[in-house]
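Q: Before we start, here is the structure in question, set down as structure tokens.
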Amino acid sequence: MANDAKVNQSNKNAQYLTFDLAGEMYGVEILKVQEIRGWEAVRDIPNTPDFIKGALNLRGEIVPIVDLRIRFAMENIEYTPVTVVIVLCVETSSGSNVMGIVADAVSDVLDIKVADIKEKPNLGSKIDTHFMRGIYVAKDHMVMLLDVDKLLNPDEFEGMTGLA
């Protein structure tokens, strides 16, 4: 019976929205995506980490915007007309929250068999990979699958949703 459950789990598929960031492909679970928006100016939030670009008023809900290039210590670039904000629903220890991530461009939706997702690499204790879910190896490229619930430390997130 337990083997049947394991086989059923490995045959399941999950859909991931893929996006480009510094020439690499990343993916987030499509069920976490609320919407995709073109880049627009955001309101600065004082005393936040530098990877928090500010907040966006999304139909009355204040949404913190995270620049993944800064969060992942990548080269910073100017936003272009194809720069997008992917609005996500994330679960933290304080509950369900909405946040946006800045990506260079949205790419595609992939239907990935769960069994084809490789474990995240063990890069030692000095390199932080806790926000990686795993890696999917496609025919001609790799996609780093992110665990969006771990992109923000709950301590960093608290207090931001109450801004108006």
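Q: Looking at (1) part of a loop (DSSP other than H, G, I, E, B); (2) polar (S, T, N, Q); (3) open to solvent by less than 60 Å² (accessible area, probe 1.4 Å), can you tell me which one Thr18 breaks?
A: (1)
Q: Here's a follow-up. May I ask you to verify whether Val82 is open to solvent by 70 Å² or more (accessible area, probe 1.4 Å) and of a type in the set (A, V, I, L, M, F, W, C)?
A: Yes.
Q: Here's something else I'd like to know. Please go through segment 97-119 and pick out each residue that is modelled with pLDDT of 90 or more, in a strand (DSSP E or B) and more than 15 Å from Met144 (Cβ to Cβ).
A: Val98, Met99, Gly100, Val102, Ala105, Val106, Val109, Asp111, Lys113
Q: Here's something else I'd like to know. Between Lys32, Lys12, Lys53, which is in contact with a Cys (Cβ under 7 Å, 6 or more places away or on another chain) and of a type outside the set (A, V, I, L, M, F, W, C)?
A: Lys32
Q: Looking at segment 91-108, which of its residues are crowded, with 16+ Cβ neighbours inside 10 Å and more than 23 Å from Glu24 (Cα to Cα)?
A: Thr92, Asn97, Val98
Q: When segment 32-43 is examined, which residues are found to be surrounded by fewer than 17 Cβ atoms within 10 Å (Cβ to Cβ) and part of a strand (DSSP E or B)?
A: The answer is Gln34, Glu35, Ile36, Arg37, Gly38, Arg43.
Q: Take segment 1-26 and flag every residue that is farther than 21 Å from Asn76 by Cβ and either among the charged types (D, E, K, R) or modelled with pLDDT of 95 or more (or both).
A: Listed by number, the residues that qualify are Asp4, Lys6, Lys12, Gln15, Tyr16, Leu17, Thr18.
Q: I'm trying to understand the selection: among the residues of segment 44-69, which are open to solvent by 40 Å² or more (accessible area, probe 1.4 Å), within 18 Å of the chain's Cα centre (by Cα) and free of Cβ contacts under 8 Å to residues at least 24 places away in the same chain?
A: Matches in segment 44-69: Asp50 only.
The values are calculated or read from the model by the stated rules, or taken from the named source; none is laboratory data. The shown structure was predicted, so the numbers you read here are calculated from the model rather than taken from an experiment. Don't worry about glycine lacking a Cβ; one is built from the backbone with ideal geometry, like all the others, and counts go over all protein chains shown. These area figures cover heavy atoms from the full protein model, side chains too; ligands, DNA and RNA do not enter into them. Shrake-Rupley method; radii C 1.70, N 1.55, O 1.52, S 1.80 Å.
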